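Everything below concerns the one structure shown next.
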Amino acid sequence: MTRRFSLPFNMTRFAKWLLVGSVFLYLYVPIAVLVANGFNEHKYGTEWRGFTLKWFEKLWHNTNLMDAAGHSLVVAVSSATLATLLGALGAIAMYRYDFRGKKFMGGLVFVEMMSPDIVLAIAFLLIFMALGISLGFWSLLLAHTTFCLPFTIITVFSRLNNFDNSVLDAARDLGASEWTAVRKILLPMSAPALIAGWLLSFTLSLDDVIISSFVSGPGYEILPIRVFSLVKIGVSPEVNVLATLMLVLSLTLVLLSQWILKRK
Amino acid sequence: MTRPDPFRWISILPVNLWLWLWVLLPTLLVVIVSFASRDPAELIAWDFTFDNYTRLADPLYLQVFWHSLWLAGITALLCLLLGFPFAWWLARLRPGPRALALFLIIIPFWTNSLIRTYAIKLILGKQGLINTVLLQMGIVETPLDLLYTPFAVVFGLVYILFPFMVLPLYSNLEKLDHSLIEAARDLGAGRWQVLRQIVIPLTMPGIVAGTLIVFLPAMGMFYISDLLGGAKNLLVGNVVRNQFLSSMDWPFGSAISITLIVLMGLLMLAYFQASKRINRAGGIHDSTL
């Protein structure tokens with residue numbers, strides 16, 4: 001009855017694949033260009049001049065860039081770990097206990113998550129200046145951990161929320177301490193969420209430009225800041241090689257974590 | 001029933017202290033500084049004034065704000081128009097391919113967004129991929145000026161922000177009860193009617209969440225307008241960044257940010273009011289979704 005209103009079947013099918021195809025093309029063509037230029041003989045990547053590995057060697061000798069990439073990874077791994085730890089504790093607190101200021105805590109998490117990065121960036125800069133924290137590794141760690149925290153709290157909380165609290169009460173009644181009950185029941189239960197939260201934080205930290213450009217100092221440059229200063233004068237293909245290597249690293253990390261999860 | 005236990009405090013205290021120290025306190029500080037004055041030597045002088053807010057009414061800044069709102073608005077709209085059917089497709093895939101498709105949306109994030117924006121600059125340039133393809137296919141005779149236009153900025157913003165639209169839409173569409181659609185179709189509703197009266201109202205929370213998550217950050221992404229927009233296509237983020245890192249007028253920069261936050265609050269308030277009104281009128285309740 002309603003068929004006559006709809007497009008012929010093949011047309012909708014065509015439209016669907018056109019849409020899906022264009023979206024993936026849109027997402028991946030820039031990545032492909034980025035990767036390809038890491039192997040391109042031509043310095044400015046405007047045309048293909050043949051395959052080369054010379055940029056790998058150049059990158060290896062470019063200590064500034066290598067250091068910046070190393071710093072980025074260190075900040076991403078440590079802030080993701082800290083944010084996951086704090087987030088797990090926070091999610092357990094929200095799930096299991098009633099305390100004064102619980103609603104307020106939820107409000108802070110929500111407001112932080114909705115705040116544009118630029119606002120968080122200046123807020124971090126102001127507090128670091130007010131407390132006399134110099135801009136470098138510690139300011140980056142604090143800022144990155146803080147902007148990842150809402151995401152880890154929510155990831156773990158939504159996993160716990162599907163779980164019956166009475167199992168924990170039963171464990172408590174049978175004499176387990178609160179810590180034992182959490183360790184033996186809640187932590188194993190929330191393992192996938194912990195891994196997901198960690199990966200999300202790692203991703204957000206690596207991807208960040210706005211907050212990092214306000215809270216990093218000359219003594220501890222991370223990759224986006226280094227690249228930002230290069231962009232004005234033209235980026236050399238070493239950056240492309242570096243981006244490719246980091247992409248492969250992240251990909252390996254995620255596939256590895258998925259594999260570990262499956263084996264469990 | 002539960003005995004008092006030290007773990008309770010281990011779980012409650014650190015995260016709350018952290019949020020108070022690194023979220024609440026800094027936000028209050030921005031509010032306070034936005035009412036302070038500029039001091040050449042000390043950065044901030046504690047003479048309280050509304051000047052920073054009245055200065056925003058300067059046509060120069062109003063124009064940037066307006067242009068920025070416009071660019072962010074177009075970006076959010078395009079993300080929605082592209083993201084909604086895409087999320088619909090995603091939600092109806094079988095679990096295996098769906099996980100793969102979600103994974104493919106996340107992968108670009110593992111390259112820093114600044115580097116991805118730089119890659120877009122390469123594509124849009126006069127000798128970039130788009131112009132090369134258009135020239136070779138004979139569609140244009142001279143390369144198009146794509147870079148340093150509003151188009152380039154929107155292209156970059158949509159590129160970086162698209163996944164933030166798709167994910168909330170997807171999680172909403174995934175929970176959509178398809179029997180409602182079938183029921184509507186059985187009762188004689190056309191496709192269009194089903195979309196307008198069933199699917200869109202039911203996915204409104206996702207649409208609103210996605211739009212806000214795209215719209216607000218879009219105005220702050222100074223590196224995209226820096227790389228792709230040139231001097232004429234500034235975003236609010238560029239102004240804030242300049243106030244903090246080159247003009248050294250932190251109070252004014254703070255006032256601009258507070259204005260952005262207030263705008264965010266107003267948008268959310270408008271949404272909650274609207275959804276309340278719909279509920280009172282006997283519409284579908286958020287909590288049933």
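The values are calculated or read from the model by the stated rules, or taken from the named source; none is laboratory data. Since the model is a prediction, treat every value here as computed from it, not as a measurement. Using ideal geometry, Cβ is built from the backbone for each residue, glycine included, and neighbour counts are taken over all protein chains shown.
Take the residues of the range B:237-270 that are under 18 Å from residue B:35 (Cβ atoms) and among the β-branched types (Val, Ile, Thr): which is surrounded by the fewest Cβ atoms within 10 Å (Cβ to Cβ)?
Filtering the range B:237-270 for residues that are under 18 Å from residue B:35 (Cβ atoms) and among the β-branched types (Val, Ile, Thr), the one surrounded by the fewest Cβ atoms within 10 Å (Cβ to Cβ) comes out as B:262.
Given the criteria surrounded by 12 or more Cβ atoms within 10 Å (Cβ to Cβ), at pLDDT 95 or above and either hydroxyl-bearing (Ser, Thr, Tyr) or under 20 Å from residue B:210 (Cβ atoms) (or both), does residue B:74 qualify?
Criteria met by residue B:74.
Can you pull out every residue in the range A:128-141 that is hydrophobic (A, V, I, L, M, F, W, C), under 19 Å from residue A:81 (Cα atoms) and surrounded by fewer than 21 Cβ atoms within 10 Å (Cβ to Cβ)?
Passing the criteria: A:137, A:138, A:141.
When you check residue A:231 against the structure, is it in contact (Cβ under 8 Å) with a residue 40 or more places away in the chain and within 21 Å of residue A:40 (Cα to Cα), yes or no? Quick ask: steps written out before the conclusion?
On the way: in contact (Cβ under 8 Å) with a residue 40 or more places away in the chain: no; within 21 Å of residue A:40 (Cα to Cα): yes.
Criteria not met by residue A:231.
Which of the residues that make up the range A:114-161 are part of a helix (DSSP H, G or I), more than 7 Å from chain B (Cβ to nearest Cβ) and without any contact (Cβ under 8 Å) to a residue 24 or more places away in the chain?
Hits for the range A:114-161 are A:129, A:131, A:138.
Please verify whether the range B:78-101 includes one or more residues that are touching a Phe, Trp or Tyr at 6+ places or on another chain (Cβ under 9 Å) and under 22 Å from residue A:120 (Cα atoms).
No, the conditions are met nowhere in the range B:78-101.
Give the residue that is farthest from the other protein chains (Cβ to nearest Cβ), with candidates limited to residues of the range A:81-98 that are closer than 14 Å to residue B:18 by Cα and not small (Gly, Ala, Ser).
The residue in question is A:84.
Out of curiosity, is residue A:159 touching a Pro at 6+ places or on another chain (Cβ under 8 Å) and on the phi < 0 side of the Ramachandran plot?
Yes, satisfied.
All but one of (1) surrounded by 15 or more Cβ atoms within 10 Å (Cβ to Cβ); (2) closer than 27 Å to residue A:222 by Cα; (3) of a type outside the set (Lys, Arg); (4) in contact with a helix residue (DSSP H, G or I) (Cβ under 8 Å, 6 or more places away or on another chain) hold for residue A:60; state the number of the condition that does not hold.
(1)
Considering only the range A:247-264, state which residues are facing another protein chain (nearest Cβ under 7 Å) and under 25 Å from residue A:41 (Cβ atoms).
A:247
If you go through the range A:216-233 one residue at a time, how many are at the interface with chain B (Cβ under 10 Å from one of its Cβ atoms), touching a helix residue (DSSP H, G or I) at 6+ places or on another chain (Cβ under 6 Å) and not in a helix (DSSP H, G or I)?
Selection size over the range A:216-233: 1.
In this structure, is residue A:101 at the interface with chain B (Cβ under 9 Å from one of its Cβ atoms), buried (at least 20 other Cβ atoms within 10 Å of the Cβ), under 14 Å from residue B:12 (Cβ atoms) and not aliphatic (A, V, I, L, M)? Don't jump to the end; show me each part of the working.
Numbers: at the interface with chain B (Cβ under 9 Å from one of its Cβ atoms): yes; buried (at least 20 other Cβ atoms within 10 Å of the Cβ): no; under 14 Å from residue B:12 (Cβ atoms): yes; not aliphatic (A, V, I, L, M): yes.
No.
Just the residues that are in contact with a helix residue (DSSP H, G or I) (Cβ under 6 Å, 6 or more places away or on another chain) and more than 8 Å from chain A (Cβ to nearest Cβ), please, taken from the range B:240-257.
Matches in the range B:240-257: B:243, B:249, B:251, B:252, B:255, B:256.
Would you mind stating whether residue A:213 is facing chain B (nearest Cβ under 9 Å), within 26 Å of the chain's Cα centre (by Cα) and either part of a helix (DSSP H, G or I) or closer than 30 Å to residue A:70 by Cβ (or both)?
Yes.
Has the range B:34-50 got at least one residue that is surrounded by 16 or more Cβ atoms within 10 Å (Cβ to Cβ), within 12 Å of chain A (Cβ to nearest Cβ) and assigned to a helix (DSSP H, G or I)?
yes
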